[in-house]
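To start, the structure itself, in structure tokens.
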Amino acid sequence: MTYDAEQIAELLRALPPAPRGWVEAAQELPSARRGLDQIVARAEADAEFRARLVADLEHALEAEGYEPDAALLEALRRRIDG
Amino acid sequence: MTIVTEPASDAALVARCRAGEDEAWRELVERFSRYVYAIAVQAFRLPEHDAEDVFQEVFARTYERLESLRDDAAIRPWLGQLTRRLCIDCLRGEAREEPVEEPEPPNAEQIVERLDEALDVHHALDRLSGDCREVLDRFFARDESYRTIGDALDIPPGTIASRISRCLEKLKAELVGRTEPVHASGKR
């Protein structure tokens, strides 16, 4: 397919960048997942830690020095409840 | 002389992601972030907070399912379909609270087709030299003024119009003769 300059310009305009914060959050997924795996592995090995997580996930994570953002909390709830 | 590095193919990028290369994952998100975002806000007209949820869910599922992807080269139509499905789920969720006949906007399909074309053009842009890439992206996609572009790239604002025109010609030449990829709509 061939385009003239005006059509190319229109197609360039059609894809503005996504908000930077969204892109960065998605790019951080691998390291976030590794952190999540660590917490889950520890919860499986340490019954007392697991009980603290089940009782109050957010505070238990904070007490252990983790940043309990919404995505981490949601992912952990799924993994621990599952 | 400007040396332009050909970007990795989608299949090569997916293979590197699967091998656990964080840098490849960053590149994959960068490559498709505009497309996923545009499908959510332009084709399905999701408000920003819903669009953000869909955007993050698309990449989370993609990351989780890289192992089971049947064709690495088909990551683009796969991402397009996943984004559309999650947008429809989101609209159906809202429709449960406030029932509507058909949650999907009537022209969503045509808009996605157009976004597929736009992504082809953006990928062709990635194959141009850095200065052309920057000036065209800033002017058209980021809607920056000559002055802002001039300040950012340290070039006289008076030369920007001619650069844009020259770079558009290069992009046009780049688009000619390229094999067209399979789109989310399944069309070529």
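Just a few scattered comments:
- Exactly one residue among B:Asp71, B:Asp50, B:Asp10 is modelled with pLDDT of 95 or more and more than 10 Å from chain A (Cβ to nearest Cβ), and that residue is B:Asp50.
- Residues in the stretch B:4-39 that are basic (Lys, Arg) and either in contact with an Asp or Glu (Cβ under 8 Å, 6 or more places away or on another chain) or within 20 Å of B:Asp71 (Cβ to Cβ) (or both): B:Arg16, B:Arg18, B:Arg31.
- Helices (runs of 4 or more DSSP H) fully within the stretch B:79-171 counting 3 or more residues that are touching a Cys at 6+ places or on another chain (Cβ under 9 Å): B:130-136
- When each of A:Glu58, A:Glu48 is tested for being more than 11 Å from chain B (Cβ to nearest Cβ), assigned to a helix (DSSP H, G or I) and exposed (fewer than 13 other Cβ atoms within 10 Å of the Cβ), the lone residue that passes is A:Glu48.
- The single residue among B:Arg127, B:Arg138 that is at pLDDT 95 or above and within 24 Å of B:Pro7 (Cα to Cα) turns out to be B:Arg138.
- Across the stretch A:2-12, the qualifying residues are those that are within 7 Å of chain B (Cβ to nearest Cβ) and more than 16 Å from B:Val36 (Cα to Cα), and the one among them that is surrounded by the most Cβ atoms within 10 Å (Cβ to Cβ) is A:Ile8.
- Answer residue from the stretch A:13-41, given it is under 14 Å from B:Arg34 (Cα atoms), more than 12 Å from the chain's Cα centre (by Cα) and surrounded by 12 or more Cβ atoms within 10 Å (Cβ to Cβ) and is farthest from the other protein chains (Cβ to nearest Cβ) among those: A:Pro19
The values are calculated or read from the model by the stated rules, or taken from the named source; none is laboratory data. All values reported here derive from a predicted model rather than from experimental measurement. Virtual Cβ from ideal backbone geometry, glycine too; neighbours counted across all protein chains shown.
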